[in-house]
Amino acid sequence: MTPIAVVAAVIEREDAFLLTLRPDGTHLSGHWEFPGGKVHDSETHSEALRREIFEELDAVADVGELLHTVIHAY
């Protein structure tokens, strides 16, 4: 199986975290997740995260430091 790099934003304000609900008809629909998505071959992880936040939330983000790395196999 070919690995797929994904990024997710952990956005916290006043002890609350921003989560998004996966839409109906998608993998794991109805589950909550941090906003983010797949990294395209031509972009860095930071660029991918900024793009995903803009696409999903129509917001411009400043990307901070890496918080955590996870390797997972479905």
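The values are calculated or read from the model by the stated rules, or taken from the named source; none is laboratory data. Since the structure is predicted, the reported quantities are computational estimates derived from the model, not experimental observations. Glycine gets a Cβ as well: all are built from the backbone with ideal geometry, and neighbour counts include every protein chain shown. Note: accessible area is taken over every heavy atom of the protein model, side chains too, but ligands, DNA and RNA are not part of it. Shrake-Rupley method; radii C 1.70, N 1.55, O 1.52, S 1.80 Å.
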Exercise. For the stretch 46-54, does any single residue satisfy the condition of being out of contact with any helix residue (DSSP H, G or I) (no Cβ under 8 Å at 6 or more places or on another chain), exposed (fewer than 14 other Cβ atoms within 10 Å of the Cβ) and at pLDDT below 95?
Worked result: no
Problem set entry | Breaking point among (1) touching a strand residue (DSSP E or B) at 6+ places or on another chain (Cβ under 9 Å); (2) assigned to a loop (DSSP other than H, G, I, E, B), for THR69 | (1)
Problem set entry | Subset of the stretch 22-45 that is touching a residue at least 12 places away in the same chain (Cβ under 8 Å) and open to solvent by less than 90 Å² (accessible area, probe 1.4 Å) - its residue that is farthest from LEU66 (Cα to Cα) | GLU33
